[in-house]
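All remarks here apply to the structure that follows.
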Amino acid sequence: MSPSQESVYSDYEAETSQTSKLIKKFKETPFVPIGMGGFAAVVAYGLYKLKHRGDMKMSLHLIHMRVAAQGFAVGALTCGMYGM
């Protein structure tokens with residue numbers, strides 16, 4: 001290896017990993033992952049209930065699920081802002 005490649009490699013090792021950066025960010029702002037998890041849960045529930053929506057139109061069902069998912073995410077972020 002040339003000296004320039006060794007210095008780049010040592011700089012890369014000195015940096016923290018992506019996982020540790022992500023964990024650090026989640027500890028700094030805990031309501032972001034809560035909002036993301038709630039958003040994913042509402043989307044999963046909406047996909048599950050898609051078969052059993054009865055006579056409701058597909059577009060109306062999707063609009064309701066989108067509003068619920070966005071509402072959960074915005075609500076979690078709002079609670080986080082008031083908590084700080």
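The values are calculated or read from the model by the stated rules, or taken from the named source; none is laboratory data. What you see is a predicted model, and the numbers here were worked out from it, not measured in a lab. Quick note on the areas: whole protein, heavy atoms, side chains included, nothing else; ligands and nucleic acids left out. Shrake-Rupley method; radii C 1.70, N 1.55, O 1.52, S 1.80 Å.
Extension gain for the segment I23 to L62, taken as residue separation times 0.36 nm less the Cα-Cα distance, is 10.8 nm to one decimal. When the solvent-accessible area of region 13-61 is split by element, carbon and sulfur atoms take up 66 percent of it, the probe being 1.4 Å.
If the chain linking L77 and T16 were pulled fully straight, counting 0.36 nm for each residue of separation and taking away their Cα-Cα distance, it would gain 19.3 nm. Length gained on full extension, A40 to D55, computed as 0.36 nm times the residue gap minus the Cα-Cα distance: 2.9 nm.
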